Amino acid sequence: MKEKTSSLKAVGLEALLQRLPENHPRYADIKNELRKNRAGDNGERILANVFQKYQFPFEHYIFHDLNLQSTGKFQIDTLFLFKQGAAILEMKNIAGRINFPEEYNQITRTLENGQVDYFECPSVQLERNKMMLEDWFHAHHVAIPIYQTVVFPRPQQQFENLRKDLTLLFPLEIPTYLRRLSSLHSTIDFLQLQDIAQKLMAAHREYDPFPLTNKYGIHPSELLTGVRCSQCGSYGMQSIYNGWGCQQCGYVDPHAHIQALAEYFMLIDYRISNKECRRFLRLDCHQKAKRILGQLGIPCIGEKRGRFYVADQKVIRELHQLGKSKVPK
(Lines give C-alpha, C1' and ligand atoms only; values in the text may rest on other atoms or scores of the structure.)
Protein backbone atom coordinates (compact mmCIF):
# COMPACT_ATOMS: atom_id res chain seq x y z
CA MET A 1 0.00 0.00 0.00
CA LYS A 2 2.82 2.38 0.84
CA GLU A 3 6.36 1.90 -0.38
CA LYS A 4 9.55 3.04 1.31
CA THR A 5 10.49 6.52 0.03
CA SER A 6 13.87 8.19 0.29
CA SER A 7 14.08 10.60 3.21
CA LEU A 8 14.68 14.26 2.45
CA LYS A 9 15.66 14.89 6.05
CA ALA A 10 19.14 13.40 5.51
CA VAL A 11 19.56 15.62 2.43
CA GLY A 12 18.54 18.66 4.48
CA LEU A 13 20.84 17.74 7.38
CA GLU A 14 23.77 17.33 4.98
CA ALA A 15 23.05 20.76 3.47
CA LEU A 16 22.73 22.26 6.95
CA LEU A 17 26.09 20.80 7.96
CA GLN A 18 27.76 22.14 4.80
CA ARG A 19 26.38 25.64 5.33
CA LEU A 20 27.15 25.73 9.06
CA PRO A 21 30.58 26.93 10.23
CA GLU A 22 32.55 24.08 11.86
CA ASN A 23 32.98 26.13 15.05
CA HIS A 24 29.21 26.56 15.45
CA PRO A 25 27.98 25.21 18.83
CA ARG A 26 25.40 22.95 17.10
CA TYR A 27 27.80 21.58 14.45
CA ALA A 28 28.65 18.37 16.34
CA ASP A 29 24.96 17.79 17.20
CA ILE A 30 23.90 18.13 13.55
CA LYS A 31 26.73 15.82 12.44
CA ASN A 32 25.59 13.18 14.94
CA GLU A 33 21.96 13.64 13.89
CA LEU A 34 22.92 13.13 10.24
CA ARG A 35 24.81 9.95 11.10
CA LYS A 36 21.83 8.54 13.03
CA ASN A 37 19.41 9.53 10.27
CA ARG A 38 21.48 7.79 7.59
CA ALA A 39 21.76 4.66 9.72
CA GLY A 40 17.99 4.68 10.24
CA ASP A 41 17.31 5.11 6.53
CA ASN A 42 19.70 2.27 5.63
CA GLY A 43 18.04 0.01 8.18
CA GLU A 44 14.55 0.79 6.90
CA ARG A 45 15.69 0.02 3.33
CA ILE A 46 16.89 -3.40 4.51
CA LEU A 47 13.47 -3.95 6.09
CA ALA A 48 11.65 -2.86 2.92
CA ASN A 49 13.81 -5.18 0.78
CA VAL A 50 12.57 -8.19 2.77
CA PHE A 51 9.03 -7.52 1.58
CA GLN A 52 10.15 -6.92 -2.01
CA LYS A 53 11.84 -10.32 -2.17
CA TYR A 54 9.27 -12.43 -0.33
CA GLN A 55 5.70 -13.23 -1.37
CA PHE A 56 3.15 -14.11 1.32
CA PRO A 57 0.47 -16.65 0.27
CA PHE A 58 -2.37 -14.92 2.12
CA GLU A 59 -4.18 -11.58 2.00
CA HIS A 60 -2.14 -8.78 3.49
CA TYR A 61 -1.22 -5.10 3.15
CA ILE A 62 2.19 -3.54 3.81
CA PHE A 63 2.86 0.06 4.82
CA HIS A 64 6.36 1.53 5.07
CA ASP A 65 7.00 4.88 6.81
CA LEU A 66 3.43 5.20 8.04
CA ASN A 67 2.69 8.47 9.86
CA LEU A 68 -0.59 8.64 11.76
CA GLN A 69 -2.24 10.66 14.49
CA SER A 70 -4.55 9.43 17.25
CA THR A 71 -3.95 10.65 20.80
CA GLY A 72 -0.63 11.90 19.42
CA LYS A 73 1.46 11.75 16.27
CA PHE A 74 3.43 8.54 15.69
CA GLN A 75 5.52 6.89 12.98
CA ILE A 76 5.78 3.16 12.20
CA ASP A 77 8.70 1.83 10.14
CA THR A 78 6.63 -1.04 8.72
CA LEU A 79 3.05 -2.10 9.44
CA PHE A 80 1.95 -5.54 8.21
CA LEU A 81 -1.84 -5.80 8.12
CA PHE A 82 -3.59 -9.18 7.70
CA LYS A 83 -6.74 -11.01 8.82
CA GLN A 84 -5.10 -12.06 12.07
CA GLY A 85 -4.27 -8.49 13.10
CA ALA A 86 -1.54 -5.89 12.62
CA ALA A 87 2.20 -6.41 13.14
CA ILE A 88 4.43 -3.43 13.93
CA LEU A 89 8.06 -3.89 12.83
CA GLU A 90 10.59 -1.31 13.99
CA MET A 91 14.15 -1.36 12.60
CA LYS A 92 17.10 -0.47 14.85
CA ASN A 93 20.33 -0.08 12.88
CA ILE A 94 22.71 0.22 15.82
CA ALA A 95 26.22 -1.22 15.44
CA GLY A 96 28.24 -2.70 18.30
CA ARG A 97 27.47 -4.97 21.26
CA ILE A 98 23.99 -4.29 22.63
CA ASN A 99 23.09 -4.71 26.29
CA PHE A 100 19.55 -4.55 27.72
CA PRO A 101 19.79 -3.56 31.43
CA GLU A 102 16.77 -4.95 33.31
CA GLU A 103 16.39 -1.96 35.61
CA TYR A 104 16.29 0.73 32.89
CA ASN A 105 14.21 1.41 29.78
CA GLN A 106 17.35 1.93 27.75
CA ILE A 107 20.04 -0.06 25.97
CA THR A 108 23.79 0.42 25.90
CA ARG A 109 25.91 0.05 22.80
CA THR A 110 29.62 -0.76 23.15
CA LEU A 111 31.91 -0.27 20.16
CA GLU A 112 35.20 -2.07 19.52
CA ASN A 113 37.15 0.98 20.71
CA GLY A 114 35.38 0.79 24.08
CA GLN A 115 33.04 3.73 23.49
CA VAL A 116 29.70 3.25 25.26
CA ASP A 117 26.52 4.99 24.05
CA TYR A 118 22.99 4.95 25.46
CA PHE A 119 19.71 4.66 23.56
CA GLU A 120 16.05 4.36 24.43
CA CYS A 121 15.06 0.70 24.63
CA PRO A 122 13.13 -0.38 21.50
CA SER A 123 10.43 -1.83 23.77
CA VAL A 124 9.51 1.73 24.84
CA GLN A 125 8.94 2.87 21.24
CA LEU A 126 7.06 -0.32 20.40
CA GLU A 127 4.72 0.06 23.38
CA ARG A 128 4.15 3.72 22.56
CA ASN A 129 3.35 2.92 18.92
CA LYS A 130 1.12 0.01 19.92
CA MET A 131 -0.84 2.26 22.30
CA MET A 132 -1.20 4.99 19.65
CA LEU A 133 -2.28 2.45 17.01
CA GLU A 134 -4.80 0.92 19.44
CA ASP A 135 -6.23 4.41 19.95
CA TRP A 136 -6.39 4.93 16.17
CA PHE A 137 -8.15 1.57 15.68
CA HIS A 138 -10.58 2.34 18.50
CA ALA A 139 -11.48 5.70 16.92
CA HIS A 140 -12.22 3.87 13.67
CA HIS A 141 -14.20 1.07 15.38
CA VAL A 142 -11.59 -1.57 14.65
CA ALA A 143 -10.83 -4.37 17.12
CA ILE A 144 -7.85 -6.50 16.04
CA PRO A 145 -4.75 -7.82 17.83
CA ILE A 146 -1.51 -5.85 17.50
CA TYR A 147 1.82 -7.68 17.45
CA GLN A 148 5.16 -5.92 17.78
CA THR A 149 8.78 -6.75 17.09
CA VAL A 150 12.11 -4.99 16.74
CA VAL A 151 14.40 -5.86 13.83
CA PHE A 152 18.19 -5.59 13.90
CA PRO A 153 19.88 -5.77 10.47
CA ARG A 154 22.99 -7.83 11.31
CA PRO A 155 22.64 -11.53 12.28
CA GLN A 156 26.21 -11.45 13.67
CA GLN A 157 25.27 -8.74 16.18
CA GLN A 158 25.98 -9.50 19.85
CA PHE A 159 23.27 -9.07 22.49
CA GLU A 160 23.38 -9.31 26.28
CA ASN A 161 20.51 -9.56 28.78
CA LEU A 162 17.77 -9.69 26.15
CA ARG A 163 14.40 -8.64 27.56
CA LYS A 164 11.83 -11.44 27.79
CA ASP A 165 9.01 -9.09 26.79
CA LEU A 166 10.75 -8.06 23.54
CA THR A 167 10.48 -10.01 20.29
CA LEU A 168 13.73 -9.50 18.37
CA LEU A 169 14.22 -10.61 14.77
CA PHE A 170 16.80 -10.43 12.00
CA PRO A 171 15.57 -9.61 8.46
CA LEU A 172 15.51 -13.19 7.14
CA GLU A 173 13.41 -14.30 10.15
CA ILE A 174 10.57 -11.89 9.33
CA PRO A 175 8.73 -14.07 6.74
CA THR A 176 8.70 -17.08 9.09
CA TYR A 177 7.47 -14.92 11.98
CA LEU A 178 4.60 -13.49 9.91
CA ARG A 179 3.70 -16.90 8.44
CA ARG A 180 3.44 -18.24 12.00
CA LEU A 181 1.10 -15.39 12.98
CA SER A 182 -1.03 -16.03 9.88
CA SER A 183 -1.88 -19.51 11.20
CA LEU A 184 -3.72 -17.93 14.15
CA HIS A 185 -7.48 -17.40 14.16
CA SER A 186 -8.70 -14.66 11.77
CA THR A 187 -10.31 -11.69 13.49
CA ILE A 188 -11.63 -9.92 10.38
CA ASP A 189 -12.70 -10.92 6.86
CA PHE A 190 -11.23 -9.71 3.58
CA LEU A 191 -13.66 -6.81 3.10
CA GLN A 192 -12.92 -5.52 6.61
CA LEU A 193 -9.20 -5.93 5.96
CA GLN A 194 -9.50 -3.93 2.75
CA ASP A 195 -11.50 -1.21 4.48
CA ILE A 196 -8.94 -0.80 7.28
CA ALA A 197 -6.09 -0.64 4.75
CA GLN A 198 -7.82 2.11 2.80
CA LYS A 199 -8.53 4.10 5.97
CA LEU A 200 -4.90 3.80 7.07
CA MET A 201 -3.69 5.04 3.71
CA ALA A 202 -6.14 7.96 3.76
CA ALA A 203 -5.01 8.91 7.28
CA HIS A 204 -1.28 8.92 6.48
CA ARG A 205 0.37 12.34 6.53
CA GLU A 206 3.90 12.82 5.20
CA TYR A 207 6.37 13.61 7.97
CA ASP A 208 7.51 17.23 7.74
CA PRO A 209 10.98 17.91 9.24
CA PHE A 210 11.43 21.39 7.71
CA PRO A 211 12.63 24.08 8.11
CA LEU A 212 15.64 22.61 9.90
CA THR A 213 17.05 25.87 11.28
CA ASN A 214 13.86 26.34 13.25
CA LYS A 215 13.89 22.72 14.44
CA TYR A 216 17.47 22.92 15.74
CA GLY A 217 17.39 26.49 17.05
CA ILE A 218 19.78 27.94 14.47
CA HIS A 219 19.28 31.47 13.13
CA PRO A 220 19.27 31.59 9.29
CA SER A 221 21.86 34.41 9.39
CA GLU A 222 24.38 31.90 10.79
CA LEU A 223 24.37 29.87 7.55
CA LEU A 224 26.67 30.28 4.58
CA THR A 225 24.82 31.76 1.62
CA GLY A 226 25.57 31.36 -2.08
CA VAL A 227 25.32 28.75 -4.81
CA ARG A 228 27.52 25.70 -4.22
CA CYS A 229 29.85 24.39 -6.93
CA SER A 230 29.22 20.67 -7.50
CA GLN A 231 32.82 20.23 -8.70
CA CYS A 232 34.91 21.70 -5.87
CA GLY A 233 32.27 22.28 -3.17
CA SER A 234 32.94 25.98 -2.69
CA TYR A 235 30.11 28.48 -2.15
CA GLY A 236 29.53 31.75 -3.97
CA MET A 237 29.32 30.82 -7.67
CA GLN A 238 28.84 33.99 -9.70
CA SER A 239 25.90 34.63 -12.00
CA ILE A 240 27.10 34.68 -15.62
CA TYR A 241 25.30 34.83 -18.95
CA ASN A 242 25.10 31.04 -19.34
CA GLY A 243 24.44 30.11 -15.73
CA TRP A 244 26.84 30.11 -12.81
CA GLY A 245 30.63 30.24 -12.78
CA CYS A 246 32.91 29.07 -9.98
CA GLN A 247 35.75 31.44 -9.15
CA GLN A 248 37.68 28.68 -7.40
CA CYS A 249 37.87 26.00 -10.11
CA GLY A 250 36.38 27.68 -13.19
CA TYR A 251 33.49 25.21 -13.51
CA VAL A 252 30.35 26.51 -15.27
CA ASP A 253 26.94 25.12 -14.32
CA PRO A 254 23.70 26.47 -15.84
CA HIS A 255 21.54 24.75 -13.19
CA ALA A 256 23.47 25.21 -9.92
CA HIS A 257 20.77 27.46 -8.46
CA ILE A 258 18.19 24.62 -8.35
CA GLN A 259 19.81 22.75 -5.48
CA ALA A 260 20.49 26.02 -3.64
CA LEU A 261 16.78 26.89 -3.72
CA ALA A 262 15.83 23.39 -2.56
CA GLU A 263 18.20 23.91 0.37
CA TYR A 264 16.65 27.29 1.19
CA PHE A 265 13.22 25.66 1.51
CA MET A 266 14.63 22.77 3.58
CA LEU A 267 16.68 24.95 5.90
CA ILE A 268 15.09 28.38 6.22
CA ASP A 269 11.47 28.77 5.12
CA TYR A 270 8.78 27.31 2.87
CA ARG A 271 8.32 30.67 1.18
CA ILE A 272 10.78 32.98 -0.49
CA SER A 273 10.58 36.50 -1.98
CA ASN A 274 12.59 37.82 -4.90
CA LYS A 275 14.67 39.85 -2.45
CA GLU A 276 15.38 36.86 -0.21
CA CYS A 277 16.19 34.73 -3.27
CA ARG A 278 18.79 37.30 -4.37
CA ARG A 279 20.28 37.46 -0.88
CA PHE A 280 20.58 33.67 -0.54
CA LEU A 281 21.96 33.12 -4.05
CA ARG A 282 24.17 36.25 -3.82
CA LEU A 283 22.49 37.55 -6.95
CA ASP A 284 22.23 41.23 -7.93
CA CYS A 285 19.73 41.05 -10.79
CA HIS A 286 16.04 41.29 -9.85
CA GLN A 287 14.96 40.04 -13.28
CA LYS A 288 17.17 36.95 -13.19
CA ALA A 289 15.79 36.01 -9.78
CA LYS A 290 12.26 36.45 -11.11
CA ARG A 291 13.08 34.35 -14.17
CA ILE A 292 14.66 31.57 -12.07
CA LEU A 293 11.70 31.32 -9.72
CA GLY A 294 9.20 31.48 -12.57
CA GLN A 295 10.92 28.86 -14.74
CA LEU A 296 11.01 26.36 -11.88
CA GLY A 297 7.23 26.55 -11.59
CA ILE A 298 7.21 27.25 -7.85
CA PRO A 299 3.64 28.34 -6.89
CA CYS A 300 3.38 32.00 -5.94
CA ILE A 301 1.03 34.21 -3.95
CA GLY A 302 0.66 38.00 -3.88
CA GLU A 303 1.57 40.65 -6.44
CA LYS A 304 4.66 42.77 -7.22
CA ARG A 305 6.66 43.54 -4.04
CA GLY A 306 4.28 41.42 -1.98
CA ARG A 307 4.84 38.29 -4.09
CA PHE A 308 6.14 35.14 -2.42
CA TYR A 309 6.99 31.78 -3.96
CA VAL A 310 5.73 28.95 -1.74
CA ALA A 311 7.01 25.37 -1.74
CA ASP A 312 5.71 22.26 -0.03
CA GLN A 313 7.43 18.89 0.42
CA LYS A 314 6.38 17.78 -3.06
CA VAL A 315 7.98 20.88 -4.64
CA ILE A 316 11.12 20.49 -2.51
CA ARG A 317 11.49 16.83 -3.57
CA GLU A 318 11.01 17.79 -7.24
CA LEU A 319 13.62 20.56 -6.98
CA HIS A 320 16.10 18.24 -5.28
CA GLN A 321 15.62 15.51 -7.90
CA LEU A 322 15.84 18.06 -10.72
CA GLY A 323 19.03 19.50 -9.24
CA LYS A 324 20.58 16.03 -8.98
CA SER A 325 19.62 15.15 -12.55
CA LYS A 326 21.31 18.30 -13.86
CA VAL A 327 24.63 17.53 -12.15
CA PRO A 328 27.08 15.84 -14.58
CA LYS A 329 28.11 12.31 -13.58
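Put a dot 7 Å past the Cα of residue 67, heading toward its Cβ, do the same for residue 325, and the two dots end up 2.4 nm apart.
Would the chain count as rounded, prolate or oblate if I go by the C-alpha gyration tensor, calling it rounded below 1.5 in a/c and otherwise prolate when a/b exceeds b/c, oblate otherwise? Verdict is prolate for the chain. Computed from label points 7 Å out along Cα-Cβ, the spacing between residue 112 and residue 225 is 4.7 nm. Dividing the C-alpha radius of gyration of the stretch 99-183 by 2.2 N^0.38 Å, with N its residue count, gives 1.30.
3J(HN,Hα) couplings calculated from phi for the stretch 241-255 with the Karplus curve 6.51 cos²θ - 1.76 cosθ + 1.60 (θ = phi - 60°) are, in sequence order, 5, 10, x, 9, x, 8, 6, 7, 10, x, 5, 10, 9, x, 10 Hz; Gly and Pro show x.
Heavy-atom accessible area with a 1.4 Å probe sorts 134, 276, 90, largest first, into 134, 276, 90.
Residue-wise HN-Hα couplings along the stretch 36-46, as the Karplus relation 6.51 cos²θ - 1.76 cosθ + 1.60 with θ = phi - 60° gives them from phi, are 5, 5, 5, 4, x, 4, 4, x, 5, 5, 4 Hz; Gly and Pro carry x. On the basis of the beta-carbon distance and an R0 of 45 Å, residue 104 and residue 139 show a calculated FRET efficiency of 0.85. Surface composition of the chain: carbon plus sulfur atoms hold 49% of the accessible area, using a 1.4 angstrom probe and ignoring ligands, DNA and RNA.
Counting only protein heavy atoms and a 1.4 Å probe, the chain has 53 square angstrom of accessible area per residue.
Full extension of the chain between residue 157 and residue 36 gives 41.8 nm of extra length, using 0.36 nm per residue less the Cα-Cα distance. Dividing the summed helix terms, -39500 (n - 2.57) for each DSSP H run of n ≥ 4, by the number of residues in the chain produces a 222 nm estimate of -12500 deg cm²/dmol to the nearest 500. When you restrict to C-alpha pairs under 8 Å that are six or more residues apart and normalise by the size of the stretch 103-154, the relative contact order lands at 27 percent.
Which residues does the label zone of residue 204 cover in the stretch 1-40, counting backbone N under 11 Å from a point 7 Å along Cα→Cβ? From the stretch 1-40, the list is 1-5. Helix 8-19 and the longest principal axis of the C-alpha atoms of the chain enclose an angle of approximately 40°. Expressed as a whole number of Å, what is the distance separating the alpha-carbon centroids of the stretch 28-98 and the stretch 302-318? Cα centres, the stretch 302-318 to the stretch 28-98: 32 Å. In terms of its alpha-carbon gyration tensor, the stretch 280-327 comes out oblate; a/c meets the 1.5 threshold, while b/c is at least as large as a/b.
Gain on full extension, evaluated as 0.36 nm per residue between residue 5 and residue 301 minus their Cα-Cα distance, stands at 103.6 nm. The Cα trace of the stretch 240-306 gives Rg and Dmax of 12.3, 40 Å, the first to one decimal, the second as a whole number.
Take every Cα pair under 8 Å whose residues are at least 6 apart in sequence, average their separation, divide by the length of the chain, and the relative contact order is 15 percent. Descending by average beta-carbon neighbour count within 10 Å, the peptides 316-324, 110-118 line up as 316-324, 110-118, the highest first.
The values are calculated or read from the model by the stated rules, or taken from the named source; none is laboratory data. No experiment lies behind these values; they were computed from the predicted model shown. Backbone-built Cβ (ideal geometry, glycine too); neighbour counts: all protein chains shown. Side chains are part of the model used for accessible areas, which takes the heavy atoms of the whole protein and leaves out ligands, DNA and RNA. Shrake-Rupley method; radii C 1.70, N 1.55, O 1.52, S 1.80 Å.
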